[in-house]
Amino acid sequence: MTKTAMLLIGTFLLLFLGSISAQDMSPEAGVLYNEGNSLLKAGNYNGAIENYEKALAIEKDYRIYYQRGVALKKTRNLEEAKNSFEECLKLNSDFSGGYNALGGVYFQMGNFNEAIKNFEKVLSLTNNSSVLNKVKKNLSLAFAKLGNEELANGNATKGVEFLTKAVNYNNYDAAYLSLAKIYSEIGEWDKSISASEDALKYRSKISKGGPYFYMGVSYKGKGENEKAIDMFNKAKTDATYKKTAEYELSLLN
């Protein structure tokens, strides 16, 4: 998983921290729960887990399971974190934070289909615009992962389907770049150019070389060699695409 993906999903988990109070919890469990939350925020994840488990021995509460899952995820114990979030949702099936957290764990485990199911559940449970935007970014990342997996397995049709869903949820530059590449490979020149333009328009992490290169390939495919040369000249300023762009220019000059 990329650092960007981990940061986006990890940050979203924090939206729910501090908003889940110990109200209506038994006093003994509540004290342990609050102590666990303090330790969690301080970065003492094992100490937090210990307090949550003591609290759960007193009372089975979805909030305790949720916070325990967050702490376990911080220690990279993904299997146990998954189990804790599942127990949380058994007790409160309408808790959007639980579905998002479970989706994030599945994402880190590489199970993008299950991640998507849980992220989509969040969309059905909340009208909070900030939460919706963040979940849509998570969905975009997950669909992009699925799309690139399908492309790697030689399934262009399914890959395009998933990548299109990715950019429909969020203008993800890397997903547009993947679409530009596959469209150029299957001869969908105009679609490749459009995807390349969107990759540049919404560029955040990718370099400019890729979009320019695939536009060059597509303009060449359309027989518009002057435009192709212009794009390849721009692409060759990027070290990643320099050699391939120069090769394409040698064929056109």
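The values are calculated or read from the model by the stated rules, or taken from the named source; none is laboratory data. What you see is a predicted model; the values in this text were computed from it and never measured. Cβ coordinates were reconstructed from backbone atoms using ideal geometry, including for glycine residues, and neighbour counts include every protein chain displayed. Ligands, DNA and RNA are stripped out before the accessible areas are found, and what is left, the full protein with its side chains, is counted by its heavy atoms. Shrake-Rupley method; radii C 1.70, N 1.55, O 1.52, S 1.80 Å.
Brief remarks on what is shown
- Rounded accessible area per residue of the range 86-126, 1.4 Å, Å²: 40
- Looking at the range 130-191, the pairs of alpha carbons with a distance over 15 Å make up 44% of the total.
- Rg in Å to one decimal, and Dmax rounded to a whole Å, for the range 210-253 via C-alpha atoms: 8.8, 26
- Taking only the Cα atoms of the range 19-128, the radius of gyration and Dmax are 13.5, 40 Å.
- Taking the convex hull of the alpha carbon positions in the range 73-195 and averaging its projected area over all directions gives 8.2 nm².
- Residues in the range 90-120 reached by a label modelled at Arg76 [backbone nitrogen below 14 Å; 7 Å Cα→Cβ]: 108-109
- Within the listed set Asn128, Asn171, Asn51, the residue fluctuating most in the Gaussian network model of the chain (springs between alpha-carbon atoms under 10 angstrom) is Asn128.
- Only lysines eight or more places from Lys121 in sequence, or on another chain, were considered; those with a Cα closer than 17 Å are Lys82, Lys90, Lys134, Lys136, Lys137, Lys165.
- Normalised contact order of the range 51-105, rounded percent, pairs of Cα under 8 Å and 6 or more residues apart: 32
- All Cα pairs of the chain, percent lying beyond 23 Å: 57
- Computed over the chain: relative contact order in percent, which uses C-alpha pairs under 8 Å that are six or more apart: 10
- Mean shadow area of the range 49-91, taken as a quarter of the surface of its Cα convex hull (nm²): 2.4
- Apportionment of accessible area to carbon and sulfur, the chain, percent (1.4 Å): 46
- Global geometry of the range 155-201, whether rounded, prolate or oblate, following the gyration tensor of its Cα atoms and the 1.5 cut on a/c: oblate
- When the chain is treated as a GNM with alpha-carbon contacts under 10 Å, the residue of Glu224, Glu197, Glu87 showing the greatest mean-square fluctuation is Glu224.
- Three principal axis lengths of the range 93-141 [C-alpha, angstrom, descending]: 28, 23, 12
- Convex hull projection area averaged over all views, the range 177-252, Cα basis, nm²: 4.3
- Counting only aspartates and glutamates at least 8 places from Lys208 when in the same chain, those with an alpha carbon closer than 18 Å to its own are Asp173, Glu197, Asp198, Asp230, Asp238, Glu246, Glu248.
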